[in-house]
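The block underneath contains the structure these notes are about, expressed in structure tokens.
Taken together, the values in this text are just the output of simple stated rules run on the coordinates, not laboratory data. Quantities reported herein were computed from a predicted structural model and do not represent experimental measurements. Please note: Cβ atoms are built from the backbone with ideal geometry, for glycine as well, and neighbour counts cover all protein chains shown.
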Amino acid sequence: MNARGKITVLTFFFASCLSGALLTAYLQIRADQNVKPADLYAVVDRQLGDFRGGDYAAAYEYASQDIQRRYSVDQFQAMVEADYPGMTDVARAEYGPVQTHGRHATMQVFLVGEDDAIIPCIYMLVREGDSWRISGARLMQAWPPEMRMEGTML
């Protein structure tokens, strides 16, 4: 193959790679735009409701496949009770910003207890098939009792 043929093949190869990268980026952006935050909120709300009702088997269904591979239902319950204090008696959840990146999403959630104590939390979710599942949560330090969210009535 002469030099002109090699240049043609290399140009075609790089153009194909660039086209693939641009198409992937475009599809990623479209997928991110199609995520409805309400779908993510619903998953968290359902799991928190199951925790409140003591139905850990139902709450386990909202956990990602990765979590379900690592923990049985009993281990999941023990982990939630040990590592996520207060999550089982949350009166309601208030939602903050949602960020998506393809099949993954993170969102800020404010867990409000019966005593109006607020625990900020970051939830990580993953799309598995047609549904969103919780892949993790990180509780932050509880706010002092006198601290309120903007717009909250006393």
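Taking 7 Å along the Cα-to-C-beta vector as the label spot, tell me the Ser72-His101 distance in nanometres, rounded to one decimal. So the two model labels end up 3.5 nm from each other.
Looking at the stretch 68-117, the GluC sites (Glu not before Pro) that sit in a DSSP loop and have at most 16 other Cβ atoms within 10 Å of their own Cβ are Glu114. Amide H contacts of Ala137 (H built 1.01 Å from N, in plane; Pro and chain starts excluded): Met124 sit under 5 Å, all sequence-distant by 5 or more or on other chains. Residues Arg133, Arg138, ranked from the fewest to the most other C-beta atoms within 10 Å, line up as Arg138, Arg133. Pairwise Cα separations in the stretch 36-154 fall into 5 Å bins from 0 onward with the following percentages, short to long: 2, 11, 22, 24, 20, 12, 5, 2, 0. Taking amide hydrogens as placed 1.01 Å from N in the peptide plane, the amide H of Glu128 sits under 5 Å from those of Arg133, each at least 5 positions away in sequence or on another chain. Rounded to the nearest whole Hz, the Karplus-based 3J(HN,Hα) values (6.51 cos²θ - 1.76 cosθ + 1.60, θ = phi - 60°) of the stretch 42-53 follow the sequence 4, 4, 5, 4, 5, 5, 4, x, 5, 4, 4, x, with x at glycine and proline. A simple rule links phi to the HN-Hα coupling: the Karplus curve 6.51 cos²θ - 1.76 cosθ + 1.60 with θ = phi - 60°, which for the stretch 64-77 gives 5, 4, 4, 5, 5, 6, 7, 10, 7, 4, 5, 5, 4, 4 Hz, with x for Gly and Pro. Could you give the nm distance between label points at Asp39 and Glu94, where each point is 7 Å from its Cα heading toward the beta carbon? If labels sit at Asp39 and Glu94, their model points lie 2.7 nm apart. The local environment of Val73, defined by Cβ-Cβ distances under 11 Å, has a net charge of -3 under the rule Lys, Arg +1 and Asp, Glu -1. Backbone phi angles across the stretch 122-131, fed through the Karplus curve with coefficients 6.51, -1.76 and 1.60 (θ = phi - 60°), yield HN-Hα couplings of 10, 9, 10, 10, 9, 7, 10, x, 9, 10 Hz in residue order; Gly and Pro are listed as x.
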